[in-house]
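Worksheet: one structure, shown below.
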Amino acid sequence: MSKMYYRELYCGSPIRFWSGLALLGAFIVIGLGSAYYMEHNGHWVTGMSNQIVWGLPHVFAIFLIVAASGALNVASIGSVFGGPLYKPLGRYSGLLAIGLLAGGLMVLVLDLGRPDRLIVAMTEYNFKSIFAWNVILYSGFFAIVGVYLWTMMDRSVSKFNRPVGFAAFFWRIALTTGTGSIFGFLVAREAYDAAIMAPMFVIMSFSYGLAFFIITLITAYIWGDREIGDLRLTRLKNLLGVFVGAVLYFTLAYNITNLYITQHHGIERFVLLDGGIYTQMFWIGQILIGSVLPLFLIYSPAFEKSRWAIAAASIAVLIGGFFQIYVIVIGGQAYPMNLFPGKEVVESGFFDGVVASYTPTFPEAALGVAGIAVALAMVAVGARVFKVFPETLEDPNS
Amino acid sequence: MRSSLISNRYLIILLAGLLLSAMQAFGESAFVTKGSKAASLDNCVAPTDVMRRNHMDFLKHGRDDTVRDGVRGLEYSLSECIDCHASTGRSGKAMPVDAEGEFCQECHGYVAVSPACFQCHRTTPEKMGNNYGYHKDESFFVESTSQPAGIQRD
Amino acid sequence: MSKKGDQPSMERRQFIGGTIAAAGALTIAPGVILHAVADTDQRTEGASSEHRWGMVIDANKCADGCTACVEACNTEHSLTGLGRPETDAAWIRTVKLKDKQTGNISRLPVMCQHCEHPPCVDVCPTNASFKRADGVVLVDRHTCIGCRYCMMACPYKARSFIHEALSDQSVNAPRGKGCVESCTLCVHRIDEGVMQTACQEACEKDGHAAILFGDLKDPNSEISQVLKKYNSVQIRGDLELNTGVRYRNL
């Protein structure tokens with residue numbers, strides 16, 4: 001195989017690069033302004049309430065964090081599982097993972113009731129709380145991926161690449177297990193409280209992370225006028241298909257289990273049949289756009305080598321994934337907790353027994369979008385100043 | 001090397017001198033708001049310079065004892081600070097201690113440290129009859145103010 | 001009762017105002033116990049694991065349309081509503097239930113159940129949500145970062161998030177924007193030796209007496225006697241949280 005040369009990604013036109021960054025910067029500024037507005041006034045200006053305690057910012061944050069650990073997979077395949085075709089993509093995989101995690105964490109932190117007390121979260125740990133563990137897992141992820149990138153980019157430490165790669169792989173599995181367990185460990189609510197949440201989040205991360213990776217990789221190579229070979233893209237595309245199928249399988253297992261358990265018929269009916277917006281998001285968003293459409297685009301012989309189909313499939317996976325997390329996070333809270341089995345709540349001073357309503361507001365959405373903008377800006381700047389992308393990704397002619 | 005060390009030393013002495021005089025100016029000033037109960041007392045629950053330097057630590061220790069362990073009636077209590085240090089405004093109403101020119105804000109504004117206490121704690125004495133706990137017995141003040149215990153309240 | 005119940009601190013003040021030599025607890029009326037310590041700084045002893053405070057609520061006695069307990073709680077802790085029910089704090093609420101099969105109607109107040117194994121404490125990343133030695137589950141607002149994970153975890157929907165800046169809080173319950181809060185079982189009264197919560201007091205005053213507060217660890221306390229004699233249930237008893245609040249006739 002020919003030697004790989006990496007080079008900083010220069011955009012053909014500087015105006016396009018700087019205006020692109022400026023646009024991302026504008027999104028970030030609007031998002032930060034929104035966060036300030038929400039913190040200054042208190043959360044009543046958002047759609048969140050005592051019923052829906054986690055709202056749109058959390059959907060964005062969890063989506064980005066899950067995607068972050070998934071984005072590292074390409075690097076893991078390259079250095080841990082020995083996939084030579086993936087190896088040149090490892091650096092970008094690490095950079096994207098760091099960017100996505102930073103974006104997600106920013107959203108999560110800025111939505112706290114007391115973001116000024118972040119230092120408390122860093123210094124006070126309740127080790128029974130999976131949330132506390134996640135604080136460690138998230139900060140550790142930055143460190144490990146940073147070292148991982150170093151071993152990929154500096155020849156003098158490249159002998160550590162494999163062990164560090166292993167560590168990063170296990171860390172990222174732990175990270176997504178931890179994120180899924182945030183819901184898996186919630187005994188109170190019927191939509192959660194299931195061990196399958198952890199592995200389901202892991203597989204979701206594979207899918208969203210790879211979709212993010214593919215779409216940004218294609219964009220970057222168009223941006224920098226570089227070549228990607230069909231062989232590599234087809235590999236990535238087929239892998240995405242497997243992951244999308246796997247997410248579908250976990251969704252099926254989760255729902256079938258709930259359909260079997262009489263106690264959980266209520267929540268299933270809510271998500272699958274009469275939950276209004278949540279039902280639509282599940283069937284149209286997650287299943288149709290997020291699963292059926294990409295599987296068709298990926299496996300249909302008509303689009304065998306179509307880059308548009310690959311890009312469209314990746315975007316569809318991301319949209320579907322967003323809706324999937326929306327249904328999990330907000331749908332799961334909207335469905336009322338069953339405090340009194342066998343009883344119907346006639347009156348309540350605190351919204352017992354009724355489906356909670358939630359209408360996201362602009363600041364929440366702006367904060368979430370700013371998270372994505374932070375991720376993309378970090379990637380754009382990182383690719384510009386570091387040697388992240390191979391000069392060419394044309395198929396090896398062997 | 002040596003000369004730079006010496007000049008550094010002079011610099012330090014100079015800075016220390018400046019700091020000392022600044023602190024002295026600050027230390028000599030009487031920072032008790034007029035019309036507060038504190039103005040009529042000789043000193044706080046500890047000597048003034050001790051309070052000035054350590055009040056935050058006293059309060060922080062007390063807060064954990066009270067919130068976590070339910071120990072009340074501590075020697076240092078934030079609500080006592082407020083009861084004693086809040087001044088009475090022209091309208092006869094108590095002024096919030098974190099308002100401009102009032103007891104807490106006067107110094108905290110000067111040193112640009114936000115007194116975060118008042119994001120949760122009230123800033124004026126509470127006059128309601130039906131509150132329990134937190135308030136230490138007021139007999140502490142009886143000798144120096146010769147007021148009957150529990151005036152203003154109940 | 002009413003006089004002493006209203007102004008126990010006055011009594012205490014005069015009591016302590018004299019010279020104190022004896023340490024111990026003095027009972028001046030049923031429901032009012034004064035702890036006095038032979039120490040000049042008048043420290044109370046604090047929460048002790050020799051007690052476990054709890055409640056038993058008789059659903060049959062909870063009167064339709066009555067919100068005395070809710071109002072008393074709001075007054076006691078200065079929970080001022082802003083006319084935004086979805087974000088206003090609710091430490092205690094009344095719920096009216098109808099049995100889906102039999103049509104039987106029951107009504108009860110619901111608040112923090114002060115579990116022995118509270119899920120909110122398990123999930124709190126910063127130890128802000130904690131259980132005192134005497135079983136009272138509280139939020140330490142000094143370390144609460146406002147992540148709301150405890151609200152996700154509580155099976156009773158007992159917690160509220162403070163959605164706006166506040167002022168003129170009660171000394172009984174300092175509270176502020178961005179933290180989570182819930183029923184404190186009136187710890188400020190417990191610590192002061194007043195063995196009656198605000199909701200119980202109000203319920204009694206209205207002549208219903210549906211709420212009984214007391215020490216679950218003291219076999220001779222009224223609450224222990226009632227719980228021993230009559231059948232009672234825990235809300236979501238299937239979770240095995242061993243709640244400190246029990247219900248009769250539910």
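Summary of values
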| quantity | calculated |
| --- | --- |
| Residues being crowded, with 16+ Cβ neighbours inside 10 Å and of a type outside the set (Val, Ile, Thr) - total across region A:256-277 | 5 |
| Candidate set from region C:131-149 (those that are more than 7 Å from chain A (Cβ to nearest Cβ) and of a type in the set (Gly, Ala, Ser)); member that is farthest from the chain's Cα centre (by Cα) | C:Ala133 |
| Selected residue (criterion: farthest from the other protein chains (Cβ to nearest Cβ)) from residues of region B:33-77 that are closer than 20 Å to C:Arg175 by Cβ, in a helix (DSSP H, G or I) and among the basic types (Lys, Arg) | B:Lys60 |
| Residue list for region C:162-205, filter: among the charged types (D, E, K, R) and more than 14 Å from chain A (Cβ to nearest Cβ) | C:Asp168, C:Arg189, C:Asp191, C:Glu192, C:Glu201, C:Glu204, C:Lys205 |
| Test: residue in region C:123-146 that is free of Cβ contacts under 8 Å to residues at least 24 places away in the same chain, in a strand (DSSP E or B) and either not polar (S, T, N, Q) or not assigned by TED's automatic domain parsing to the domain that holds C:Gly214 (or both) | yes |
| A:Thr123, sole failed condition from (1) touching a helix residue (DSSP H, G or I) at 6+ places or on another chain (Cβ under 9 Å); (2) among the hydroxyl-bearing types (Ser, Thr, Tyr); (3) over 21 Å from C:Ala153 (Cα atoms) | (1) |
| Some residue of region A:272-295 being out of contact with any Leu (no Cβ under 9 Å at 6 or more places or on another chain), at pLDDT below 95, under 30 Å from A:Thr219 (Cβ atoms) and not in a helix (DSSP H, G or I) | no |
| Given (1) at the interface with chain A (Cβ under 8 Å from one of its Cβ atoms); (2) under 30 Å from B:Lys127 (Cβ atoms), index of the condition C:Gly83 fails | (1) |
| Considering residues of region A:106-134 that are closer than 15 Å to A:Ile62 by Cβ and assigned to a helix (DSSP H, G or I) only, the residue nearest to the other protein chains (Cβ to nearest Cβ) | A:Phe131 |
| Filter result for the condition that a residue is of a type outside the set (A, V, I, L, M), assigned by TED's automatic domain parsing to the domain that holds C:Ile223 and buried (at least 17 other Cβ atoms within 10 Å of the Cβ), over C:Asp58, C:Asp99 | C:Asp58 |
| Selected residue [closer than 24 Å to C:Gly81 by Cα and surrounded by fewer than 23 Cβ atoms within 10 Å (Cβ to Cβ)] from C:Ser170, C:Ser129 | C:Ser170 |
| Cross-chain or 6+ apart pairs with Cβ under 8 Å, region A:302-315 first and assigned to a helix (DSSP H, G or I), then of a type in the set (S, T, N, Q) | A:Ala309/A:Ser300 |
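Okay, residues lined up against (1) modelled with pLDDT of 95 or more; (2) over 20 Å from C:Glu192 (Cβ atoms); (3) within 12 Å of chain A (Cβ to nearest Cβ):
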| site | (1), (2), (3) |
| --- | --- |
| C:Ala36 | no, no, no |
| C:His51 | yes, no, no |
| C:Ala63 | yes, yes, no |
| C:Trp91 | yes, no, yes |
| C:Glu116 | yes, yes, no |
| C:Cys124 | yes, yes, yes |
| C:Ser129 | yes, yes, yes |
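Quick grid of which residues meet (1) out of contact with any helix residue (DSSP H, G or I) (no Cβ under 9 Å at 6 or more places or on another chain); (2) under 30 Å from C:Tyr149 (Cα atoms); (3) in contact (Cβ under 8 Å) with a residue 60 or more places away in the chain:
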residue	(1), (2), (3)
A:Phe170	yes, yes, no
A:Leu175	no, yes, yes
A:Arg189	no, yes, yes
A:Ala198	no, yes, no
A:Met204	no, yes, yes
A:Ile218	no, no, yes
A:Trp223	no, no, yes
A:Ile228	no, no, yes
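The values are calculated or read from the model by the stated rules, or taken from the named source; none is laboratory data. Everything numeric here is computed off the predicted structure, so don't read it as measured data. Glycine also receives a Cβ, built like all others from the backbone with ideal geometry; neighbour counts cover every protein chain displayed.
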